[in-house]
Ligand SMILES: Cc1cc2nc3c(=O)[nH]c(=O)nc-3n(C[C@H](O)[C@H](O)[C@H](O)COP(=O)(O)O)c2cc1C
């Protein structure tokens, strides 16, 4: 009998994913742009903020549910759009959608997902969002019709990727999409036989939501400007969220263009290096938005206390990317569920210990800058 070592933090799921996935796939999931300083900046930003608990507060009944664009989520943690989940586990996005639905949160489906949005929506009992890259007008109109027909109400437009960032790990690992067994990769496949067996037996991993792939090789478009965002606003009857904002002035532009929500994000540090950590620019964005729309944040959220810090600084909720991907790689749907449950338990404990019975009770008095010297 093998005894499973208990999982005690999201970092443990990262270790499990590393042991399950071939190196090129793990590095694709885990890595970031260039020297990965933006990846680190996201984590460092959380580390520099400390909590200032209130004591003497009745926290015997705690509630972390919250409203995000008209949907009540059981916990202020949503699942960020991530490409090609079937590389991580054969059930891919379907497993993620099921875990999100059972848990009671929202999954944002990537343009680059490896399962058709119709099938993902069909497997969900919670609303799913669709993350969009605006390739060109025809392709975008077609995609919008398609996702509306699938029952999607919220489109999340990613603006932080006019061109692809450079990921050294992927280049060094000879990563291709989809990964292929060949002279440069056979060692990696051989080192993870269970993954390789499943991967090679499964249907080939493709991009079933990129309907325009025949006309253009890339879904990225470096000409997307606020004018085109306003055009998109006119095309889309549902709610529009702009993802990838790290400045207050851009948040104002997004609202002017008709956005219903903002995601403070630097794509998990996967595109621009030497970018600002997302928690470090949250206040700038929250002040600019001034209550006119919900502000969400992603990038480096790894702890319940991280979620509490972001909400105290004005975020309505957060999204996680790599953590649920690691859960998926490690244990499929059950792994995603475990990641969500672990964060929920950490948030619950953090709320009790900082003296806030509900997430709505959190405000800036609960956080401070980590002092360089003792407070006087
Ligand atoms: C493997 C992977 C693929 C991603 N693919 C997309 C994508 O297709 N579209 C997008 O807007 N963001 C994508 N992202 C960025 C996430 O939506 C999110 O911003 C980021 O993962 C948050 O940081 P975290 O991983 O530290 O939680 C991807 C992230 C990862 C890790």
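All of the numbers you see were taken from the coordinates with simple rules; none came from a lab. If you're wondering where the values come from, they're calculated on a predicted model, not measured in any experiment. Cβ sites come from the backbone with ideal geometry, for glycine too, and all protein chains shown count toward neighbours.
Has segment 6-13 got at least one residue that is farther than 20 Å from residue 339 by Cβ and assigned to a loop (DSSP other than H, G, I, E, B)? Within segment 6-13, none of the residues are farther than 20 Å from residue 339 by Cβ and assigned to a loop (DSSP other than H, G, I, E, B). Listed by position, the strands (runs of 3 or more DSSP E) enclosed by segment 97-185 include none that has at least 3 residues that are more than 21 Å from the chain's Cα centre (by Cα).
Hey, does segment 257-268 have a residue that's farther than 23 Å from residue 128 by Cβ, in contact (Cβ under 8 Å) with a residue 60 or more places away in the chain and within 16 Å of the ligand (Cβ to nearest atom)? Scanning segment 257-268 turns up at least one residue that is farther than 23 Å from residue 128 by Cβ, in contact (Cβ under 8 Å) with a residue 60 or more places away in the chain and within 16 Å of the ligand (Cβ to nearest atom). Of all residues in segment 67-115, those that are out of contact with any helix residue (DSSP H, G or I) (no Cβ under 7 Å at 6 or more places or on another chain), away from the ligand (no atom under 15 Å from the Cβ) and either on the phi < 0 side of the Ramachandran plot or touching a residue at least 60 places away in the same chain (Cβ under 8 Å) (or both) total 8. Taking each residue of segment 295-321 that is closer than 15 Å to residue 349 by Cβ and looking for partners that are near the ligand (Cβ under 9 Å from one of its atoms) with beta-carbon atoms closer than 6 Å, six or more apart or interchain, yields 307/318. Any residue that is surrounded by 24 or more Cβ atoms within 10 Å (Cβ to Cβ), farther than 15 Å from residue 84 by Cα, in contact (Cβ under 8 Å) with a residue 24 or more places away in the chain and within 11 Å of the ligand (Cβ to nearest atom) - is there at least one of those in segment 324-335? Within segment 324-335, not a single residue is surrounded by 24 or more Cβ atoms within 10 Å (Cβ to Cβ), farther than 15 Å from residue 84 by Cα, in contact (Cβ under 8 Å) with a residue 24 or more places away in the chain and within 11 Å of the ligand (Cβ to nearest atom).
The set of residues in segment 16-46 being surrounded by fewer than 14 Cβ atoms within 10 Å (Cβ to Cβ) and not in a loop (DSSP other than H, G, I, E, B) consists of 19 alone.
Residue check: is residue 339 within 15 Å of the ligand (Cβ to nearest atom), in a strand (DSSP E or B) and under 25 Å from residue 59 (Cα atoms)? So residue 339 fails the test. Under the condition of being farther than 19 Å from residue 282 by Cα and surrounded by fewer than 21 Cβ atoms within 10 Å (Cβ to Cβ), the residues counted in segment 47-65 number 12. The residue that is surrounded by the fewest Cβ atoms within 10 Å (Cβ to Cβ), among those in segment 274-307 that are in a helix (DSSP H, G or I) and away from the ligand (no atom under 16 Å from the Cβ), is 287.
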